[in-house]
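Trainee: Would you mind keeping the following structure in view while I ask a few things?
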Ligand code: CP
Ligand code: NVA
């Protein structure tokens with residue numbers, strides 16, 4: 001039996017594949033509400049997607065259910081409290097048995113879980129492809145929508161429509177600088193394993209004591225060194241600091257996320273203290289000498305402490321709601337890709 005086409009992280013996707021997924025996402029968005037490109041509206045007819053979620057979700061669930069349906073398929077939501085899954089020591093059904101059973105009845109599994117090991121175990125035992133809807137380590141579906149949003153902000157609608165309708169490849173975005181001001185979490189991990197390989201520079205500010213995981217830093221360093229030895233290849237530079245204003249220097253886009261990810265609720269009080277000075281504001285961007293026309297991104301949901309309303313609701317700065325909408329267009333492209341459509 002062949003290995004299912006799992007989609008667990010952008011780390012293992014070549015840049016050309018990432019860009020073709022973004023290209024396809026843009027094509028779906030531009031065609032909307034007209035006939036989707038290549039008449040793929042019914043490619044998932046009769047196919048079921050199991051959404052296996054042990055954490056809450058607004059965007060990821062809605063984008064996936066509507067995306068899968070838009071290709072003619074049937075999504076089925078399985079909340080952690082509705083199925084038998086649980087700690088076998090406490091009488092629950094194991095990941096292994098759950099994965100074997102669910103994977104035998106559906107065509108794909110879309111899973112939002114805790115530790116990344118859980119989704120790896122699910123993928124190990126599921127006959128159906130497993131797609132990562134967020135783990136504590138990675139959120140590839142979000143990063144893909146973020147990349148799409150960065151392309152829109154950088155190239156503009158007219159140019160992008162030309163590229164997409166002519167079928168040309170998307171260019172690498174050399175020279176674009178993204179600043180991360182926030183926690184060392186699943187979102188920045190996913191951005192770090194993808195953006196530099198598209199030529200985008202990333203400067204990361206996390207507070208002292210919140211270092212980016214060593215394996216992510218290692219991947220960035222190894223890929224950067226490799227690209228240097230390949231003629232014509234590009235790789236964005238990556239830098240790390242604890243000072244938000246240093247990270248913001250020259251930034252075209254400033255990105256943040258919650259300081260307290262799902263599952264870290266017990267650390268909330270201490271984290272809020274550790275992240276003092278990390279709220280994204282006009283003053284922070286100015287102090288750091290961000291590009292005068294800098295934009296703001298956030299995967300949402302937003303909590304009040306990490307960005308102020310002046311930035312968050314400023315239509316000239318904030319891309320957050322198109323970033324959220326783009327979750328749907330990228331989900332369609334990923335489902336089509338995983339299910340072998342294009
Ligand atoms: N950004 C994101 O994944 O949002 P949800 O938790 O609402 O799915
Ligand atoms: N870092 C956040 C992202 C939520 C979409 C979390 O894992 O909770």
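Rule-based calculations on the coordinates, nothing more; no lab input. Just so it is clear, the model here is predicted, and its values are computed rather than measured. Glycine gets a Cβ as well: all are built from the backbone with ideal geometry, and neighbour counts include every protein chain shown.
Trainee: Return the distance in nm (one decimal) between the two label points of a simple spin-label model at residue 230 and residue 77, each offset 7 Å from Cα along Cα→Cβ.
Mentor: So the two model labels end up 4.1 nm from each other.
Trainee: Can I ask one more? 222 nm [θ] for the chain, helices only, -39500 (n - 2.57) per DSSP H run of 4+, per residue, to 500? Mind showing how you got there, number by number?
Mentor: Numbers: 13 runs with 139 residues, N = 342.
My calculation for the chain gives -12000 deg cm²/dmol from helical runs alone.
Trainee: Any idea how far apart residue 158 and residue 293 come out in nm if each label point goes 7 Å out from Cα toward Cβ?
Mentor: Using points 7 Å along Cα→Cβ, the separation is 1.2 nm.
Trainee: With a 10 Å radius around each residue's Cβ, average the other Cβ atoms per peptide and rank 24-32, 51-59, highest first. Mind dumping the intermediate values first?
Mentor: Numbers: 24-32: 20.2, 51-59: 18.6.
Peptide ranking by packing, descending: 24-32, 51-59.
Trainee: Separate question: In bins 5 Å wide, starting from 0, what share of all Cα pairs of the stretch 290-331 does each bin hold, as a percent?
Mentor: P(r) for the stretch 290-331, in whole percents per bin: 6, 22, 29, 23, 14, 7, 1.
Trainee: For residue 174 and residue 269 in one chain, what is 0.36 nm times their gap in residues minus the Cα-Cα distance, to one decimal in nm? Don't skip to the end; give the middle numbers.
Mentor: On the way: separation 95, 0.36 × 95 = 34.20 nm, distance 3.94 nm.
In short, 30.3 nm is gained.
Trainee: Sticking with this structure for a sec: Where does each of 322, 245 land when they are ranked from fewest to most other beta-carbon atoms within 10 angstrom? Present the calculation step by step, with values, prior to reporting the outcome.
Mentor: Working: 322 15, 245 19.
Taking fewest neighbouring Cβ atoms as first place, the list is 322, 245.
Trainee: Name the residue, out of 285, 225, 50, whose mean-square fluctuation peaks in a Gaussian network model built on the chain with Cα pairs under 10 Å.
Mentor: Evaluated over the chain, the most mobile residue of the options is 225.
Trainee: Do me a favour and compute the ellipsoid semi-axes for the chain from its Cα gyration tensor, root of five times each eigenvalue, largest one first, whole Å. If you can, show how the numbers build up before the last one.
Mentor: Values: eigenvalues 193, 128, 72 Å².
Working from the Cα gyration tensor, I get semi-axes of 31, 25, 19 Å.
Trainee: Which of 6, 74 comes first, and how do the rest follow, when ranked by fewest Cβ neighbours within 10 Å?
Mentor: Ordered by Cβ neighbours within 10 Å, fewest first: 74, 6.
Trainee: Can I ask one more? If you stretched the chain out fully between residue 94 and residue 12, how much longer would it get, using 0.36 nm times the residue separation minus the C-alpha to C-alpha distance?
Mentor: Working: separation 82, 0.36 × 82 = 29.52 nm, distance 2.74 nm.
Result: 26.8 nm gained on full extension.
Trainee: Of the listed peptides 117-130, 286-299, what is their order by residue-averaged count of other C-beta atoms within 10 Å, with the highest listed first?
Mentor: 117-130, 286-299
Trainee: Between the stretch 155-212 and the stretch 298-342, what is the separation of their alpha carbon centroids in Å?
Mentor: So the separation of the two Cα centres works out to 13 Å.
Trainee: Once you keep just the Cα pairs under 8 angstrom separated by 6 or more residues, what percentage relative contact order results for the stretch 183-342?
Mentor: Working: 207 pairs, mean separation 32.3, N = 160.
Across the stretch 183-342, relative contact order equals 20 percent.
Trainee: Hey, how many Å between the Cα centroid of the stretch 1-78 and the Cα centroid of the stretch 232-270?
Mentor: With the stretch 1-78 and the stretch 232-270 each reduced to a Cα centre, they are spaced 27 Å.
Trainee: Let me ask another. Can you sort 70, 203 from fewest to most other Cβ atoms within 10 Å of each residue's own Cβ? All intermediate terms of the calculation are to be shown ahead of the outcome.
Mentor: On the way: 70 20, 203 24.
Fewest-to-most ranking of 70, 203: 70, 203.
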